[in-house]
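S.K.: The structure that follows is given in the form of C-alpha cells.
The values are calculated or read from the model by the stated rules, or taken from the named source; none is laboratory data. Quantities reported herein were computed from a predicted structural model and do not represent experimental measurements. Positions of Cβ are generated from backbone atoms using ideal geometry, with glycine treated the same way; all protein chains shown enter the neighbour counts. Side chains are part of the model used for accessible areas, which takes the heavy atoms of the whole protein and leaves out ligands, DNA and RNA. Shrake-Rupley method; radii C 1.70, N 1.55, O 1.52, S 1.80 Å.
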Amino acid sequence: MKFENAKWIIHPENKLYEPVRFSKELSFSKPIKRAVFNITSLGCYYAMINGERVGDFIFAPGFTSRKRVQYQSYDVTSMIGNNCFIEVIISEGWYKGKINFGADEGGPEKKKALIAELEITFIDGEKKVISTDEAWFAQKDKLRMAELYDGETVDMLFEDRRVPVKILDHGKKMIVKQQGAFVKEQEIIEPVSVFKAPNGDTIVDFGQNLTGYFEFEAMAQAGDRVEFTVCEELDKYGNFYNENYRDAKARFEYICHEGYNKYKPILAFWGFRYIRVDSFPCEITSKNIRAIVVHSQMKRTGYLESSSPLLNKLFSNIIWGQRGNFLDVPTDCPQRDERQGWTGDATVFCKTASYNYDVEKFFEKWLTDLRLDQGEKGNIPNIIPQTICWDWSTTDKTGAVWGDSATIIPYQMYLTYGNRDILKKQFSCMKKYIGYIERSTTAKYLWTGCDQFGDWLGLDAPEGSYRGSSNEDFIASVFYAHSVGIVVKSGKILNKNVDKYEKLHYNINRKIKETFKEYKTQTECVLALYFDVATDREATAKSLAQMIIDNGNRLQTGFVGTPFLLYALSQNGYSELAYDLLLQEKFPSWLYSVKQGATTIWEHWDGKNEKGEFWSKNMNSFNHYAYGSVGGWVYEEACGIHTVEEKPGFEEVLISPIPTDKLDSLSATIETKYGKIQSKWYHKDGKVHYFVETPVKSTVIIDGKRYIVEKGTYTF
Ligand code: BGC
C-alpha cells in the first residue's frame, strides 16, 4: 500500500499564500538498484532531489474534486547517490488558492500539506521506505508568495532557518493514483518585439495570447528588482491594459542575487500576450526573456486549412484557445480571477476539442471529478472540480447545457474515440442528473421554472444582462430531451433496459412541440432545427435565414446557439448562408475578431469594438474557447468528416463535404486510432475537385451521389 507509514506534514505556521519548503537529508551506505518517489500534496508541489527537479509535471498533483487527490510516482534512481537531499516547495495552488475566493481559510491545518515516500531497493535486494514524518523539516522559502491569480514573489536574498514540521491529521483515503494527463511545458516563444508604449511603459510582445509563464536572464546587483505585470490586449492608444483581469493581480516580483540571475516561475501561471516591464536590472531585449507555453499533455490530431488567410488565422486561434485552457481541467479562461472548470464552456467545445487533440485521458479524469462532485440531488455543479466558494453540490442550481456536460461530454468521447468504458462509468451519473431535472422542473416533461444561464452572452440580451433573450425554458427543455436521448443511446450500447427513458424522451419531445411553437430568436430557431423539435422544419429554417439576412448576414447567438448555428443552416438547405456567417468580417463574427488582431477566441463577440475600445472590464476575456466550437462545423460539415454512431471512434466514416464558391479550397485532417482521415475540396478549371483519404471503410457522398469505399485515397 502506498503511503502506509507516511504522514501529512505542514509548516507549524502555515500562512496562506506563503510557500513552504520541506526537506529531508538521507544517506545510504550501500548501492541502490532502484528508487521511486511517491508524492502528493494539498496544494501544488515542486519537488527536487539533490537540487534537480523531480519529473516534469507542472502544477502537480493537479486540480481534482476535493474528494480526491492524485499521487504521482517518479522513478528517481538516476537522481540518487549515496547522499540524497529531498526538497519540496508547496503553494496553495487550486486547493486553497484564491480560486476558492478566500472561502474557508481556516487554521494552519486547513492549508497546504505534503505527503511523500521514497521507496529504495538496494542492489542486495533489501528494501527501505523513507516517509514524511516528524523527522522532516520545514522552512519559509525564497519563493515568498505564489498564488495562481496573483503570481509569484521571489526574494533571492531571503534565508530562513529550518524548523521541525507539524503533523496534519488528514486521513489518506482520498489519495488516488494519477489519472489525468500531466501538465507540461510545451513550447518556448520568443518575443516578436520589445517596445516603448505611448505612455512610456516598456512592453514585451510575444505576438500570441498564451498560457504559461516566462523565463528571464539578467546580470544584477544584489537587491535589484525584476517586476512584471501581464496583459492580453493593449488599449486603443497602444498602452498596457489589464483591467479585464479583475482581482487577479497577475504580477511577478523578484529580488535578484548578485551576478547572473536566471529564473522561471514554478507555482503560478498567467494568460498573457504582453509583459509590462515595471522593473529590470538591465536592458530587456528579445534575447533575455522568453515565454513558456504550458498545458496538459495531449497529442495534436486535427488540422484545418483553407485558401483564406483570415480563416486560417481563425483555425489557429481555435487551437490556441484550447492550448490556453486545457490546463489539467477545461477552464473558461486562463487570465482573470476565474480559471474555473465551467461545465457549459467544455460542453459546447468538447467536440471540436476532441478532433483538434486527443483529449480522451484529459476528459476521463475530469468526468471522474464531475461524477464525484455531482450533488446529492443529482445536480451537476456548474464548475468542475467544485471549488469551495461556489458550492453547488447541495443547492439546486444547475444550468441547462452546463449540467448537460454530464451526458454530452461522455457521449462525445464515445463518438470520437469509441470509448464505451467512459459511458459505463458515467451512466449512473447521467441518470441521476435526469432524475434531478425531473424533480426540479415546474412542468412535467419540460424543464421549466429554474434559474438558468440561458443563451449566455447572446447579443440579443436585454440591456445590462449577460443572458440572451431566447426563451430559457425552451433551451432547458431541448437539452433535457437531448440528454435523455443520450441516456437512451448509452443504455442501449451498454445493454441496459432503457424503456423508461425511451418513453420519457418521447414525452418530452411531444411536450416541447406542443408548448413551444414559435421561435423568436436565432438561437430558438437553431435549437428547434438542430435538435429536431421544430413544428415546421422548412418554415423554421426559412425564418432563421431571414433573421440572419435582416441582420446583415450576421449572427446574434450566444454560448448555446452558436455551436449549432451553422449546422442548423447547412443541414436545412442554407449552406451558403452558413459560409456567409463563417466568412463574415464585419462585427459580430468570427473573422471580426481576427481582423481586430485576435490570436485566440474571445469570450464576447464585442470584446473590443472597431475603435479599439473594450466592451467592459467585468467579463471580457480574450481567451475563452466556447465560440471556437465552429471548428466542429468545419471538420464535420464543410469538409464533411462525420463519425458513425454505430461504428464510433472512426471505425467507419461518413464523408460528405459541402464546397462553396466563396473559398478556393478547404481541408480537414483527423488522426484517428485507425489512421489518418483527410477530406479536401478545391476549385480548379471551373470544377470542384475532391480528395479523400480514409484508413477504414467509408461512405462518401459527393453531390448527392453515394460511394462506398475501402481504405485508400480517392479523388472525385
Ligand atoms: C465564465 C463563463 C461561464 C459563465 C457561466 C463566466 O464567468 O467565464 O465562461 O460559463 O460564467 O455563467
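S.K.: How about segment 576-600: which of its residues are open to solvent by less than 10 Å² (accessible area, probe 1.4 Å) and aliphatic (A, V, I, L, M)?
M.R.: 578, 581, 582, 591, 598
S.K.: Name the one entry in 625, 592 that is hydroxyl-bearing (Ser, Thr, Tyr) and either farther than 21 Å from residue 321 by Cα or touching a Phe, Trp or Tyr at 6+ places or on another chain (Cβ under 7 Å) (or both).
M.R.: Exactly one of 625, 592 is hydroxyl-bearing (Ser, Thr, Tyr) and either farther than 21 Å from residue 321 by Cα or touching a Phe, Trp or Tyr at 6+ places or on another chain (Cβ under 7 Å) (or both), namely 625.
S.K.: If you scan segment 504-539, which residues turn out to be open to solvent by 50 Å² or more (accessible area, probe 1.4 Å) and touching a residue at least 40 places away in the same chain (Cβ under 8 Å)?
M.R.: Within segment 504-539, 510, 511, 515, 520, 530 qualify.
S.K.: Follow-up question, since we're still on this one. Quickly run through segment 594-613 and pick out the residues that are within 16 Å of the ligand (Cβ to nearest atom) and closer than 17 Å to residue 273 by Cβ.
M.R.: 600, 601, 602, 603, 607
S.K.: Residue check, residue 342 against (1) open to solvent by 10 Å² or more (accessible area, probe 1.4 Å); (2) away from the ligand (no atom under 11 Å from the Cβ), all met but one. Which one?
M.R.: (2) is the only condition that residue 342 fails.
S.K.: Give the residues of segment 564-575 that are open to solvent by less than 40 Å² (accessible area, probe 1.4 Å) and free of Cβ contacts under 8 Å to residues at least 40 places away in the same chain, sorted by residue number.
M.R.: Answer for segment 564-575, where residues must be open to solvent by less than 40 Å² (accessible area, probe 1.4 Å) and free of Cβ contacts under 8 Å to residues at least 40 places away in the same chain: 564, 569.
S.K.: Determine whether segment 312-329 contains at least one residue that is crowded, with 23+ Cβ neighbours inside 10 Å, away from the ligand (no atom under 15 Å from the Cβ), under 17 Å from residue 631 (Cα atoms) and polar (S, T, N, Q).
M.R.: yes
S.K.: Which of the residues belonging to segment 444-458 are over 11 Å from residue 561 (Cα atoms), touching a residue at least 60 places away in the same chain (Cβ under 8 Å) and away from the ligand (no atom under 11 Å from the Cβ)?
M.R.: Those that are over 11 Å from residue 561 (Cα atoms), touching a residue at least 60 places away in the same chain (Cβ under 8 Å) and away from the ligand (no atom under 11 Å from the Cβ): 444, 445, 446.
S.K.: In segment 649-716, which strands (runs of 3 or more DSSP E) lie fully inside it and hold 3 or more residues that are within 34 Å of the chain's Cα centre (by Cα)?
M.R.: Qualifying strands (runs of 3 or more DSSP E): 653-655, 665-672, 675-684, 687-694, 698-702.
S.K.: Quick check: is even one residue across segment 240-249 farther than 21 Å from residue 194 by Cα, modelled with pLDDT of 95 or more and within 21 Å of the chain's Cα centre (by Cα)?
M.R.: yes
S.K.: Going by the conditions given, is residue 573 assigned to a loop (DSSP other than H, G, I, E, B) and more than 28 Å from the chain's Cα centre (by Cα)?
M.R.: Answer is yes for this residue.
S.K.: Residues of segment 285-337 being under 14 Å from the mean Cα position of the chain (by Cα) and of a type in the set (Asp, Glu), which ones?
M.R.: Of everything in segment 285-337, those that are under 14 Å from the mean Cα position of the chain (by Cα) and of a type in the set (Asp, Glu) turn out to be 328, 332.
S.K.: Condition first: surrounded by fewer than 22 Cβ atoms within 10 Å (Cβ to Cβ) and of a type in the set (Ser, Thr, Tyr). Now tell me which residues in segment 273-296 satisfy that.
M.R.: Of everything in segment 273-296, those that are surrounded by fewer than 22 Cβ atoms within 10 Å (Cβ to Cβ) and of a type in the set (Ser, Thr, Tyr) turn out to be 279, 285, 286.
S.K.: Suppose the filter is crowded, with 22+ Cβ neighbours inside 10 Å, out of contact with any strand residue (DSSP E or B) (no Cβ under 9 Å at 6 or more places or on another chain), farther than 17 Å from residue 407 by Cα and of a type in the set (Gly, Ala, Ser); does residue 465 pass it?
M.R.: So residue 465 fails the test.
S.K.: Only residues that are open to solvent by 40 Å² or more (accessible area, probe 1.4 Å) and part of a strand (DSSP E or B): list them for segment 232-254, please.
M.R.: Once the filter is applied, which keeps residues that are open to solvent by 40 Å² or more (accessible area, probe 1.4 Å) and part of a strand (DSSP E or B), segment 232-254 yields 251, 253.
S.K.: Let me ask you something else. Kindly indicate whether any position in segment 582-600 is touching a Pro at 6+ places or on another chain (Cβ under 7 Å) and on the phi < 0 side of the Ramachandran plot.
M.R.: No: segment 582-600 contains no residue that is touching a Pro at 6+ places or on another chain (Cβ under 7 Å) and on the phi < 0 side of the Ramachandran plot.
S.K.: Is it true that residue 495 is in the same structural domain as residue 419 (by TED's automatic domain parsing), closer than 30 Å to residue 421 by Cβ and either within 16 Å of the ligand (Cβ to nearest atom) or open to solvent by 50 Å² or more (accessible area, probe 1.4 Å) (or both)?
M.R.: For residue 495, the condition - in the same structural domain as residue 419 (by TED's automatic domain parsing), closer than 30 Å to residue 421 by Cβ and either within 16 Å of the ligand (Cβ to nearest atom) or open to solvent by 50 Å² or more (accessible area, probe 1.4 Å) (or both) - is met.
S.K.: Follow-up question, since we're still on this one. Assess whether residue 304 counts as being in a helix (DSSP H, G or I) and touching a helix residue (DSSP H, G or I) at 6+ places or on another chain (Cβ under 9 Å).
M.R.: So residue 304 fails the test.
S.K.: Then there is this: I'm checking my understanding of the structure. Among residues of segment 601-637 that are more than 19 Å from residue 352 (Cβ to Cβ) and not in a loop (DSSP other than H, G, I, E, B), which one is most open to solvent (accessible area, probe 1.4 Å)?
M.R.: It comes out as 614.
S.K.: Going by the structure shown, is residue 524 within 28 Å of the chain's Cα centre (by Cα) and either closer than 25 Å to residue 645 by Cα or more than 16 Å from the ligand (Cβ to nearest atom) (or both)?
M.R.: So residue 524 passes the test.
S.K.: Within segment 638-648, track down each residue that is of a type in the set (A, V, I, L, M, F, W, C), crowded, with 24+ Cβ neighbours inside 10 Å and part of a strand (DSSP E or B).
M.R.: Selection gives 641 alone.
S.K.: Next question. Among the numbered conditions (1) touching a helix residue (DSSP H, G or I) at 6+ places or on another chain (Cβ under 7 Å); (2) crowded, with 19+ Cβ neighbours inside 10 Å, tell me where residue 472 comes up short.
M.R.: That leaves (1) as the condition not met.
S.K.: Applying the selection to segment 338-391, what residues are farther than 23 Å from residue 97 by Cβ, in a loop (DSSP other than H, G, I, E, B) and in contact (Cβ under 8 Å) with a residue 60 or more places away in the chain?
M.R.: Of everything in segment 338-391, those that are farther than 23 Å from residue 97 by Cβ, in a loop (DSSP other than H, G, I, E, B) and in contact (Cβ under 8 Å) with a residue 60 or more places away in the chain turn out to be 358, 359, 375, 377, 378, 379.
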